[in-house]
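The values are calculated or read from the model by the stated rules, or taken from the named source; none is laboratory data. This one's a predicted model, so the numbers in the text were calculated from it and none came from an experiment. Because the Cβ atoms are built from the backbone with ideal geometry, glycine has one as well, and the counts that use them run over all protein chains shown. These area figures cover heavy atoms from the full protein model, side chains too; ligands, DNA and RNA do not enter into them. Shrake-Rupley method; radii C 1.70, N 1.55, O 1.52, S 1.80 Å.
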Amino acid sequence: MNVITISPQALRDTASKDSLIELIDVRTPAEFREVHVDFARNVPLDKIDPAQVADERRGPEFPLYVICRSGSRSKQACEKLLRAGHTNVVSVDGGTAAWEEAGLSVVRGKKVISLERQVRIAAGLMILVGTGLGFFVHLYWFGLAAFVGAGLTFAGITDTCGMGMILAKMPWNQVRSKPDSSSKTTSCQVTRCC
């Protein structure tokens, strides 16, 4: 499935001409809270419902832009939406990282560890523990390291990550909703990144 992409600068130029532009950010709520494009709304990849997205769209004749941290999850979201019959879906090339690198404005909030980094930490720890236990406790523990290695290989080949999907659902990757959700007060600030 061929996903159309747009550069961050081209999207910013488009947004300056159309104030009703639709941009969804498919990262976890915690990642979104840390830093996001000022006109993006958060719809995590693991919670995307193509029917709900269709109901919330301006119309299929207008592009729906999708962004994540680096472009991988937004591509997966676009493919899911295209398979469900959506048209005019565009992935932001390079994601929020490229957006910031281009010096475009973002909203900043509480700092978190990115999902990709969490996967690397968890996989590394599991391989280290499996190898250590394999040497010092029982040979069967080497199976843990082999299992994680096989999972990483599968993730690389298919561009999907089961561990990432599990970690995205963890409590530290969620944002607790405040009792008074009608208030628009937030501790985030809009900044220009260089």
Residue 111: which aspartates and glutamates have alpha carbons under 18 Å from its alpha carbon, excluding same-chain residues fewer than 8 sequence positions away? 25, 31, 34, 38, 100, 101
Remind me, relative contact order of segment 1-147 in percent, using alpha carbon pairs under 8 angstrom and six or more residues apart? 27
Given Cβ point charges of +1 (Lys, Arg) and -1 (Asp, Glu) and nothing else, what value in debye, to the nearest 20, does the dipole of the chain about its Cα centre take? 500
Long-range amide H contacts for residue 64: which residues qualify at under 5 Å (H placed 1.01 Å from N, peptide plane, sequence gap of 5 or more or a different chain)? 89, 90
Identify which of the listed values of P(r) over Cα pairs in 5 Å bins from 0, in percent was calculated from the structure shown: [x] 1, 7, 14, 17, 17, 15, 11, 6, 5, 3, 2, 1, 0; [y] 1, 7, 12, 12, 13, 12, 10, 8, 7, 6, 4, 3, 3, 1, 0, 0; [z] 1, 7, 14, 16, 13, 10, 8, 7, 5, 5, 4, 3, 2, 2, 1, 1, 1, 0, 0. [x]
With all protein chains in place and a 1.4 Å probe, residue 46 shows an accessible area in Å² (nearest 10) of 60
At a 1.4 Å probe radius, which order do 74, 114, 19, 7 fall into by accessible area, largest first? 19, 7, 114, 74
By average Cβ neighbour count within 10 Å, what is the ranking of 85-91, 123-129 from highest down? 85-91, 123-129
Antiparallel %, DSSP beta bridges [both residues in the chain], to 5: 35
